[in-house]
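**Student:** Structure below; questions to follow.
The values are calculated or read from the model by the stated rules, or taken from the named source; none is laboratory data. Because the structure is predicted, anything quoted here is derived from the model rather than measured. Note: ideal-geometry Cβ built from the backbone for every residue, glycine included; neighbour counts use all protein chains shown.
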Amino acid sequence: MSNEDNTKFQSEKETILWKLHFASKPEKVFEALTTDENRKNYWAELTEEKDGKIRYQFLNDIESTGEILEKIPNKLFSVTYFDWKVTF
């Protein structure tokens, strides 16, 4: 892939765009991203969602709190995560 192709894919400065394909149905992926029980299986040791925010707890007592920016069932989930906007 040439640099020109990369700039078309990564068109926004300071934005990392990853394109992933999952074998699971959108409902399963959405559930994995949006429930405390499922997030602890792969994202953090513990998460707690309350009042539109998610508190993440990691190993070595590292913690972060992010805001849920947008949540459209089975379609879109957007949060702040360590001061980054992350959209699925």
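**Student:** For segment 19-48, enumerate the residues that are surrounded by 15 or more Cβ atoms within 10 Å (Cβ to Cβ), without any contact (Cβ under 8 Å) to a residue 40 or more places away in the chain and in contact with a Lys or Arg (Cβ under 8 Å, 6 or more places away or on another chain).
**Tutor:** Selection gives Ala32, Thr47.
**Student:** Of the residues Ile62, Ile16, which is closer than 17 Å to Lys85 by Cα and either of a type in the set (Gly, Ala, Ser) or surrounded by fewer than 15 Cβ atoms within 10 Å (Cβ to Cβ) (or both)?
**Tutor:** Sole residue among the options that is closer than 17 Å to Lys85 by Cα and either of a type in the set (Gly, Ala, Ser) or surrounded by fewer than 15 Cβ atoms within 10 Å (Cβ to Cβ) (or both): Ile16.
**Student:** Now for a separate question. Please list, ordered by first then second residue, the pairs with beta carbon atoms under 8 Å, 6 or more apart or interchain, first in segment 73-86 and in contact (Cβ under 8 Å) with a residue 40 or more places away in the chain, second among the polar types (S, T, N, Q).
**Tutor:** As it stands, the answer is Phe77/Thr34; Phe77/Thr87, since those pairs meet every condition given.
**Student:** For segment 30-67, enumerate the residues that are of a type in the set (Val, Ile, Thr) and within 24 Å of Leu20 (Cα to Cα).
**Tutor:** Within segment 30-67, Thr34, Thr35, Thr47, Ile54 qualify.
So that you can scan it fast, the table gives a plain yes or no per residue for (1) of a type in the set (Ser, Thr, Tyr); (2) at pLDDT 95 or above; (3) in a strand (DSSP E or B):
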site: Ser24; (1), (2), (3): yes, no, no
site: Val29; (1), (2), (3): no, no, no
site: Glu48; (1), (2), (3): no, yes, yes
site: Asn60; (1), (2), (3): no, no, no
site: Ile68; (1), (2), (3): no, yes, yes
site: Lys71; (1), (2), (3): no, yes, yes
site: Val79; (1), (2), (3): no, yes, yes
site: Lys85; (1), (2), (3): no, no, yes
